Amino acid sequence: MKQMLLMLAALAFTANAEAAVKTRVIEYKQGDTVLEGYLAWDDTHHAKRPGILVVHEWTGLGPYVKKRAEMLAKLGYVAFAADIYGKGIRPATPAEAARVATIYKDDRPLMRARVKAGLDTLKAQKYVDLSRLAAIGYCFGGTTVLELARDGADVIGTVSFHGGLSTPTPRDAKNIKGKVLALHGADDPFVKPDEVAAFEDEMRKGGVDWQLNSYGGAVHSFTNREAGNDNSKGAAYNEKADKRSWEAMKVFFAEIFK
């Protein structure tokens, strides 16, 4: 009987913990473009807390990045998954995703404007401590949050998960106000060693407080199970790299938000 009561108590605790994370779809704008983001936060307390901007992969704002926002909420942050592409623009095929992502990769001012609109939306949430803001991104989103930092945004930390590291304006690294953490698949065929070396040189010349973690055996998209497990395709899930990179992010946040 006692064991059953303990089990019921544990189940009730789990249910309450799950119920504490609230989510909400937020419509906002950049210029005349309507965007649709996803907010996640822990509703069990009402104190101000760090805000984390999350930016999606090349397929747009979908279940994967929403899950990451919810995971951040469970850690005690207010997380806002921004929409770079626009409401309803969610590429369904790799070819379509490549076409849409290229629009922003070729127009970095537009990319920066879209991600700044997301950051402004995060800042407007009542539980966000405006002195403790960070941004993370996956693949395309990693590229995007690095551009946000290069634009001089008021974020004290930026984390790129298997993101593109190149930029047409490396001199803008001098504008970076916070610390940078790049989490990279050591065998990523899409972010080649010369791009990594150029990023390191950019960070040094910009006087940035930066770190780069390379995970052996990992290729592109190593945090996403939907990428499969065939490294020969260039993008594949790697459980060790996924867990290690998430822990690295948590340590990084503990440092910048102390």
Notebook entry, point to check: Do we find that LEU183 is under 25 Å from GLY60 (Cβ atoms), touching a helix residue (DSSP H, G or I) at 6+ places or on another chain (Cβ under 7 Å) and not in a loop (DSSP other than H, G, I, E, B) in this structure?
Noted result: yes
Notebook entry, point to check: For LYS126, all conditions in the list (1) modelled with pLDDT of 95 or more; (2) farther than 22 Å from PRO94 by Cβ hold save one; what is the number of the exception?
Noted result: (1)
Note to self: Among the residues that make up region 149-157, is at least one of them surrounded by fewer than 22 Cβ atoms within 10 Å (Cβ to Cβ) and outside any loop (DSSP other than H, G, I, E, B)?
What the structure shows: no
Check: Out of ASP242, ASP151, which single residue is under 21 Å from LYS67 (Cβ atoms), among the acidic types (Asp, Glu) and without any contact (Cβ under 8 Å) to a residue 40 or more places away in the chain?
Finding: ASP242
Next item on the list: Give the number of residues within region 188-226 that are closer than 22 Å to TRP58 by Cβ and surrounded by 21 or more Cβ atoms within 10 Å (Cβ to Cβ).
Entry: 11
Note to self: I'd like the full set of residues that are under 13 Å from SER160 (Cα atoms), among the polar types (S, T, N, Q) and assigned to a helix (DSSP H, G or I), limited to region 196-248.
What the structure shows: SER245
Notebook entry, point to check: What is the number of the single condition among (1) buried (at least 16 other Cβ atoms within 10 Å of the Cβ); (2) in contact with a Gly (Cβ under 6 Å, 6 or more places away or on another chain); (3) under 25 Å from THR102 (Cα atoms) that GLY141 does not meet?
Noted result: (2)
Note to self: Regarding region 170-183, can at least one residue be identified that is without any contact (Cβ under 8 Å) to a residue 60 or more places away in the chain, among the acidic types (Asp, Glu), surrounded by 13 or more Cβ atoms within 10 Å (Cβ to Cβ) and more than 24 Å from PHE253 (Cα to Cα)?
What the structure shows: no
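The values are calculated or read from the model by the stated rules, or taken from the named source; none is laboratory data. Every value quoted in this text rests on a predicted model; they were computed, and no experiment measured them. For neighbour counting, all protein chains shown are included, and Cβ atoms are generated from backbone atoms with ideal geometry for every residue, glycine included.
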